[in-house]
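The values are calculated or read from the model by the stated rules, or taken from the named source; none is laboratory data. All values derive from a computational prediction rather than experimental measurement. Using ideal geometry, Cβ is built from the backbone for each residue, glycine included, and neighbour counts are taken over all protein chains shown. Just the protein is used for accessible areas: all its heavy atoms, side chains included, with ligands, DNA and RNA removed. Shrake-Rupley method; radii C 1.70, N 1.55, O 1.52, S 1.80 Å.
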Amino acid sequence: MIKFGYAQENITPKRGIPLCGYFEPRPNVGAHDALMVKAAVFECNGVKGGILSYDLCLVPRSVVQFFIEELKNAGIDFADNLLFSATHTHTGPYMGMDFSVDYVDEAYIRNMAAQTVNAVKNALESLYEAEIFAGKAENHSLAFNRRFWMKDGSVLTNPGKLNPDIVGPESVIDPEIPFFIVKQDGMDRLIVANISNHTDTIGDEMVSADWPGRMERAIQDHYGYDIPVMTLIGCQGNINHFNVENDFDQTNYAEACRIGKGYAASIISMLYAAKKVDADALQIDSEEFEAPYVQISDEDYAAAKKITEELKDVRPSGDKDLTSEGIAAGSLYTKKVFAQRIVDCRENPITEKRIETMKAFKIGKDICIQTIPAEAFVELGLAIKEKSPYKFTMVSGLTMGYIGYTGLPECYERGGGYETRPGRTAPAHDLAPKIIDLGIELVNR
């Protein structure tokens, strides 16, 4: 018999703490809605493990390790069996050096470590016998592959709505939404859903959990009580919510509400079909691997150096200059940003080895959560799920660390786009196949 406990803590930052997700920091001026850390703890046959979900853009490995250390200091002896996952909201604070240490509020991170400890302790104290039901929903209308083939033969990310030079998307989406429900005393107590879409719909300077928070609220409205909902973000490095076939404004808080309600409706429509699964075992497999950094050629370095010198005085002039959309718009500031990243790779390289972790969190013989510490392209998740023996396989990106965008080798060869461009923390171009192989090995272990 499996046991389950749950707790959560509010991690909404104070006004003024910069928000993460774009080229420049945005000091927040308030909050649309609260950010949370959610802790779900499970125990079966003496094995304890759990899932921690943070309404944050990312949780780097250094922060994960800090949280694990604090949990162990607090007497949590199963801290190594916890998944640390970010919902990837672009309206949450910075969490590490993946962007810039200058924007990190260390007091906020220390306080979040204490809140993480409190959440896990409280969840542990509420452990009680539970049942688990699992199901699958689908949604084909809210996510789009954001990399497009253009008429000139190039590939471009976010080419702009109604762009006449678009030929078609470079690849596919993953419309499947595997989910499971934890029941206690005949009531649904938690929903965990795995959705492949980017969490960047708002674009302003207000704190928000983005569409996962609005999805939770819509599901709670359906139930009539505040059932917690954990969103594990799937492989979405080349996926977002922009439909280029219309000219609707899709960057605002109303869009977060629309998408949240849409995903909620998809899940709600399949709740009745969820089947009870045998939750007679809990197994957490883990493996460390090296994630080398990208190397810059002499030719690319020289070209980038020239651009940074020519555009040294260019400053951002509009919102699109601060996001990847600036590429398609021909923004000189965006061009300078990416050139400077290449220069930084060569002139200020990270020399130590980067070691990351992947975990497979298995409940019985039907449910497996396979983690990837990256914004992986959708193809990685699809490849792992295809080889998984588990009926309900969730591939949870942005979990246990943050490598950055990770695409298939051929995507880098095509050039263009935003995700495949170099940066100091960007991975080597041959990393994706290694992640796929390790994920398949873990789910089959």
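Computed values, structure above
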{"quantity": "Percent accessible area from carbon and sulfur atoms, region 168-251, protein chains only, probe 1.4 Å", "calculated": "44 percent"}
{"quantity": "Sulfur and carbon atoms: percent of accessible area, region 48-130 [1.4 Å]", "calculated": "44 percent"}
{"quantity": "Cα Rg, Dmax, region 27-79, angstrom units", "calculated": "14.2, 48"}
{"quantity": "Per residue, the convex hull volume that the Cα atoms of region 331-445 enclose (Å³)", "calculated": "105 Å³"}
{"quantity": "Inverse mean reciprocal Cα-Cα distance (Kirkwood Rh) of region 106-150, Å", "calculated": "15.6 Å"}
{"quantity": "Zero-based 5 Å bins, Cα pair distances in region 222-351, whole percents", "calculated": "2, 7, 9, 12, 12, 11, 11, 11, 9, 7, 5, 3, 0"}
{"quantity": "Heavy-atom accessible area per residue - the chain, 1.4 Å, Å²", "calculated": "40 Å²"}
{"quantity": "Highest to lowest packing among 376-385, 346-355, scored as the average C-beta count within 10 Å", "calculated": "376-385, 346-355"}
{"quantity": "Calculated diffusion of region 56-173, Stokes-Einstein form, Kirkwood radius summed over Cα pairs, 25 °C and 0.890 mPa s, µm²/s", "calculated": "134 µm²/s"}
{"quantity": "Summed residue charge, Cβ within 13 Å of Tyr54's Cβ, Lys/Arg positive, Asp/Glu negative", "calculated": "-2"}
{"quantity": "Per-residue SASA entry for Phe23, accessible area with 1.4 Å probe, Å² rounded to 10", "calculated": "30 Å²"}
{"quantity": "Rel. contact order, % - alpha carbon contacts under 8 angstrom, at least six apart, region 164-229", "calculated": "26 percent"}
{"quantity": "222 nm mean residue ellipticity, helices alone, for the chain (DSSP H n ≥ 4; -39,500 (n - 2.57); rounded to 500)", "calculated": "-8500 deg cm²/dmol"}
{"quantity": "Mean separation of Cα contacts under 8 Å, 6 or more apart, over the residue count of the chain: relative contact order %", "calculated": "18 percent"}
{"quantity": "Under the Debye formula (equal points on every Cα, no solvent term), log10 I(q)/I(0) of the chain at q = 0.06 Å⁻¹", "calculated": "-0.23"}
{"quantity": "Cα-based radius of gyration of region 205-286 once divided by 2.2 N^0.38 Å, which approximates compact folds", "calculated": "1.36"}
{"quantity": "DSSP beta bridges in region 325-445 [antiparallel fraction, %, rounded to 5]", "calculated": "35 percent"}
{"quantity": "Fully extended contour minus Cα-Cα distance, from Asp185 to Asn246, at 0.36 nm per residue", "calculated": "17.3 nm"}
{"quantity": "Percent RCO, i.e. relative contact order, over region 10-56, from Cα pairs under 8 Å lying at least 6 residues apart", "calculated": "31 percent"}
{"quantity": "Binned Cα-Cα distance frequencies in region 4-59 - 5 Å width, integer %", "calculated": "4, 16, 20, 19, 13, 10, 8, 6, 4, 1"}
{"quantity": "Accessible-area composition of region 312-437, carbon plus sulfur, in percent [1.4 Å probe]", "calculated": "48 percent"}
{"quantity": "Positive minus negative residues near Phe78 (Lys, Arg vs Asp, Glu; Cβ under 11 Å)", "calculated": "-1"}
{"quantity": "Dipole of the chain [Lys/Arg +1, Asp/Glu -1 at C-beta], most positive-end residue of Ser286, Tyr390, Met270", "calculated": "Met270"}
{"quantity": "5 Å-binned pair-distance histogram of region 7-97 (Cα, whole percent)", "calculated": "3, 13, 21, 23, 17, 11, 7, 3, 1, 0"}
{"quantity": "Computed E for Lys276/His140 - FRET, C-beta separation, R0 30 angstrom, nearest 0.05", "calculated": "0.60"}
{"quantity": "Most to least accessible of Ser53, Ser171 (protein chains only, probe 1.4 Å)", "calculated": "Ser171, Ser53"}
{"quantity": "Label point distance in nm, Tyr225-Glu125, each placed 7 Å from Cα along Cα→Cβ", "calculated": "2.1 nm"}
{"quantity": "Mean Cβ neighbour count within 10 Å, used as a protection proxy, ranking 199-210, 57-68, 391-402, 299-310 highest first", "calculated": "391-402, 199-210, 57-68, 299-310"}
{"quantity": "Partnerless Cys - the chain, beta-carbon criterion under 4.7 Å", "calculated": "Cys44, Cys235, Cys257, Cys345, Cys368, Cys411"}
